[in-house]
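Novice: I have a structure here, written as structure tokens, and I will follow up with some questions on it.
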Amino acid sequence: MTAILTDEQIKAMLNACDLTTPLGQKDYTIILILLHTGIRVSELCSLTLEDFSGDFLYVQGKTNKKRRIQLPPGVHDQIRLHTSHYRTAKEGEDHMFLSQSGDPLTPGDIHKFIAALQERADLGGNTVSAHTFRLTFAYKHFAR
């Protein structure tokens with residue numbers, strides 16, 4: 001298992017997203033959020049539209065306390081694009097990330113998505129998990 005993602009691996013995964021489709025836009029948005037915030041998969045799955053405000057993402061962690069995470073401009077713009085143009089939801093559904101059937105994504109859905117993305121990106125024998133994104137964020141954040 002790769003401890004952190006290289007810039008080349010990140011680029012390959014982002015390029016593996018088909019940005020001409022709503023699904024590709026969602027995948028791209030998920031990758032950017034995971035890479036630039038370091039949030040847990042469970043936190044990603046619980047995000048609602050209300051958790052995105054201005055330049056910030058409000059994330060409910062393990063302790064049920066919300067923390068505010070400042071978003072880089074490109075991530076902010078991608079979330080806005082995803083939520084305003086590509087997200088399709090059932091009436092009353094406010095989760096940010098939904099399955100094709102309109103239900104909130106689960107951690108299992110994210111793990112399957114990452115496995116499929118890894119294959120499309122042709123990362124060779126390197127295994128990428130959702131936690132790899134968190135480790136990559138921490139490494140890049142603290143290496144500055």
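This table checks each residue for (1) within 22 Å of H141 (Cα to Cα); (2) over 13 Å from the mean Cα position of the chain (by Cα); (3) among the aromatic types (F, W, Y).
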| site | (1), (2), (3) |
| --- | --- |
| A3 | yes, yes, no |
| T6 | yes, yes, no |
| D18 | no, yes, no |
| T21 | no, yes, no |
| K26 | no, no, no |
| D55 | yes, yes, no |
| K62 | yes, yes, no |
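Novice: Conditions first: (1) at negative phi; (2) over 14 Å from the mean Cα position of the chain (by Cα); (3) free of Cβ contacts under 8 Å to residues at least 12 places away in the same chain. Q100 passes all but one, so which condition is the exception?
Specialist: (3)
Novice: Can I ask one more? So is L19 of a type outside the set (V, I, T), in contact with a helix residue (DSSP H, G or I) (Cβ under 7 Å, 6 or more places away or on another chain) and crowded, with 19+ Cβ neighbours inside 10 Å or not?
Specialist: no
Novice: Kindly list the number of the only condition in (1) more than 21 Å from D7 (Cβ to Cβ); (2) of a type outside the set (S, T, N, Q); (3) under 14 Å from the mean Cα position of the chain (by Cα) that fails for K90.
Specialist: (3)
Novice: Would you be able to say whether some residue in region 38-50 is in contact with a helix residue (DSSP H, G or I) (Cβ under 9 Å, 6 or more places away or on another chain) and without any contact (Cβ under 8 Å) to a residue 40 or more places away in the chain? Before the answer, list the steps.
Specialist: So in region 38-50, the residues in contact with a helix residue (DSSP H, G or I) (Cβ under 9 Å, 6 or more places away or on another chain) come out as 38-45, 47, 49.
Filter again for without any contact (Cβ under 8 Å) to a residue 40 or more places away in the chain, leaving 43.
Yes; the residues of region 38-50 include at least one that is in contact with a helix residue (DSSP H, G or I) (Cβ under 9 Å, 6 or more places away or on another chain) and without any contact (Cβ under 8 Å) to a residue 40 or more places away in the chain.
Novice: So for region 118-128 (the condition being surrounded by 13 or more Cβ atoms within 10 Å (Cβ to Cβ), among the hydrophobic types (A, V, I, L, M, F, W, C) and under 28 Å from E50 (Cβ atoms)), does at least one residue qualify?
Specialist: no
Novice: Then there's this: Could you give every pair whose Cβ atoms fall below 7 Å, whose first residue belongs to region 10-33 and is within 18 Å of L123 (Cα to Cα), and whose second residue is in a helix (DSSP H, G or I) and of a type in the set (K, R), counting only separations of at least 6 or pairs across chains?
Specialist: If the second residue must be in a helix (DSSP H, G or I) and of a type in the set (K, R), the pairs left are A16/R120.
Novice: While we're here: Here is a list of conditions, (1) more than 16 Å from D94 (Cα to Cα); (2) free of Cβ contacts under 8 Å to residues at least 40 places away in the same chain; (3) surrounded by 16 or more Cβ atoms within 10 Å (Cβ to Cβ); (4) not acidic (D, E), and V59 meets all of them except one; can you say which number that is?
Specialist: Going through the list (1) more than 16 Å from D94 (Cα to Cα); (2) free of Cβ contacts under 8 Å to residues at least 40 places away in the same chain; (3) surrounded by 16 or more Cβ atoms within 10 Å (Cβ to Cβ); (4) not acidic (D, E), V59 breaks only (1).
Novice: Residue by residue through region 103-119, note down the ones that are more than 16 Å from G24 (Cα to Cα) and either over 12 Å from the mean Cα position of the chain (by Cα) or acidic (D, E) (or both).
Specialist: Residues satisfying the conditions are D103, P104, T106, G108.
Novice: Which is touching a helix residue (DSSP H, G or I) at 6+ places or on another chain (Cβ under 9 Å) and farther than 16 Å from I30 by Cα, of G74, G54?
Specialist: Every option except G54 fails the conditions.
Novice: A follow-up question, please. Can you tell which of L44, L35 is closer than 16 Å to F137 by Cβ, out of contact with any strand residue (DSSP E or B) (no Cβ under 9 Å at 6 or more places or on another chain) and not β-branched (V, I, T)?
Specialist: From the options L44, L35, the qualifying one is L35.
Novice: A follow-up question, please. Taking the residues in region 65-94 that are over 22 Å from T20 (Cα atoms) and of a type outside the set (D, E, K, R) as candidates, determine which candidate is surrounded by the fewest Cβ atoms within 10 Å (Cβ to Cβ).
Specialist: G92
Where a number appears in this text, it was derived from the coordinates with a stated rule and is not lab data. Quick caveat: nothing in here was measured; it's all calculated off a predicted structure. Heads up, the Cβs are rebuilt from the backbone with ideal geometry, glycines too, and the neighbour counts pull from every protein chain shown.
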